[in-house]
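What follows is a short report on a single structure.
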Amino acid sequence: MCNRLIYLFLFGNLLGVNTGILFPTDNFNFTNIFKTSQLCQNQFKVTDAKTLFQMFDASAKSVDGLLYLNMFHLGNFDECYDIAKATTAGLVYGKYCLGTMTLPSKPSLNTVENAKSSNLKKLHIGVCVPNGCTTQDTELLTGKSLIHFSDDFCYSQDKAPKLDSGAIIALIILGVFAGIVIVSSVCELMQIRKGKFTQGYIFAFSAVSNGSKLLSSTSNPDQLLCLNGIKAISMMWVILGHVYLSSTQGTMGNVVDIRKWQENIYNMIIVDGTVSVDSFFTITGLVTVYTFLKIAGNEMKFNIFLYYFHRYIRLTPSLAIMVLIHTTLLPYLGNGPLWNTIYDGFIRSCKTYWWSALLYVQNYFHDEDTCVPQSWYLSVDFQLYLLSPIILLSLHRWPKFCLTILTLLVALSCAIPFGIGYVYGIPAFITDVEIKPHEMMWLYYKQTYARFGPYVVGMIAGYFIYRRKHSQVVLVLHPAWMISIWLICLAGLLGCLYAPYYASLNYSRLSHSLLLAFLRNGWALCLSGVIYMCVAGYGGMLFFKGSKQKQIILFYCVN
């Protein structure tokens, strides 16, 4: 009885007093503990005061920063989850529950009431109780009318997920792959030790030879080495942008400062950072044309089946492993107050729509249910690759006519985003709150018909770069022209990043639609100019070099 009174006293001070200042309620009652379930009462009775205090210590203590939209008061999840106390009634575990409290309408909270996100209209408060207490018991202990709890967001060691059949099968599959690599590597090392050649299928999966190939730096005159550095920088840029984006979707204590952060012009490299993805579209289109024209120039027969098969087999294995992990193993790879939110965001979508991810069509079939969300890029990339032979074959036979068609496609790639932006009122930046981010992603960002512009610009650049490298006549630029072209390209890239700053401050349907129409194609055009200058030998210190194989690993497996 004494232990229960101690815990009750602590929670009375936590919620009956602290929240009562901001959210007056007469529902909290010190006798509520006697209304809980019998198991909950028994665990209070047999648990020592030190453990009960630890539960209290792990619970959120106060509600602060509301005017800064600090809606998450989590307490200490690990401290609660690690509690496992042996008692006369058996083990008592700490049970962490994240509850939500709907904010009342009060003048002091107008900022909150105007928040767009539903998460910002509710307080999230972490509470630690004995594992025998149900969510109804927890609501009784904390004041039923204040905080609502759900089993979906309660965690304790006795309820930790156990490996199911799907997870076991996935581990077996991954284990078989790992075993093949180990056996192949050991066999190769043994052959090397004996001084014999390591050739044959048994060595195809060896980490020794494959690792050596991946980490080697080789070059030949036909390679476009400057692309390696551009891809590496772009990939780091993409990762940086996702770090910032992920932080805004989690538990922030100063949400109102996001707008201030956006209004700083130096942060446009993040606000407008989605053009880094267009760098990859540009490079892919460029390399596709350049590689095809090299093959055609060597009078090699174009096999469209191998063309498609090679692309699919190159992309799919690593993506399939990611889908497998998302579907089966992801629930066991982490823990935390909001960990169960991954089910809707990552697990359920892959269990339902795994097939669309592996067929690269999910950007047309599902809105919020994207399996491996970042794989939307692979869907757009693969769809553009499927359509490329129409251009490639025409470009080889009728280059002037095809270049005209490509130019018209660039114009069309400007008109379509403009129409989408103007009709649906879509902002040019993902960070803009005029429309929900997932709507912007579904209507524009993930759609091939709205993102093909930089790919086509890259195809045009690929044609001229091929002509430059394989032409008998080499055009030598005067230093003044060289400097002028570099200044135009670099100014264009910086303009694409920072010129939209004033448009990002206030939404205008016309200005944002114009940005959607021209921003990405302008970026692709200037980037193509940089690549051309590097390939032509005018790159100087900007002629980024690196291993082609390393870039493949970065590009396709960094997720």
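Once the C-beta distance of K351 and H478 is scaled by a Förster radius of 56 Å, the resulting FRET efficiency is 0.35 to the nearest 0.05. As a rough guide to protection, the peptides 85-98, 337-350, 246-259 ranked by mean Cβ packing within 10 Å, highest first, stand as 85-98, 337-350, 246-259.
Segment 154-214 and segment 306-359 have Cα centres separated by 20 Å.
Model label sites at I168 and V243, defined 7 Å from Cα along the beta-carbon direction, differ in position by 4.1 nm. Using the Cβ of R467 as centre and a radius below 13 Å, the other residues enclosed give a net charge of +4, where K and R count +1 and D and E count -1.
For segment 156-196, the solvent-accessible area of protein heavy atoms averages 71 Å² per residue (probe radius 1.4 Å; ligands and nucleic acids excluded). Think of a 1.4 Å ball rolled over the protein heavy atoms: segment 345-394 then has 40 Å² of accessible area per residue.
Of the residues F518, F34, F77, the one with the largest accessible area comes first in the ranking F518, F34, F77, computed with a 1.4 Å probe on protein heavy atoms.
Rounded to the nearest 20, the Cβ-based charge dipole of segment 338-411 about its Cα centre (Lys and Arg +1, Asp and Glu -1) stands at 400 debye. Modelled spin-label separation between K469 and Y364, with each label point placed 7 Å from Cα along the Cα-to-Cβ direction: 3.2 nm.
The values are calculated or read from the model by the stated rules, or taken from the named source; none is laboratory data. Keep in mind that what you see is a predicted model, and the values were worked out from it rather than measured. Here Cβ is always computed from backbone atoms with ideal geometry, including for glycine, and neighbour counts include all displayed protein chains. Accessible surface is based on the protein model in full, side chains and every heavy atom, while ligands, DNA and RNA are left aside. Shrake-Rupley method; radii C 1.70, N 1.55, O 1.52, S 1.80 Å.
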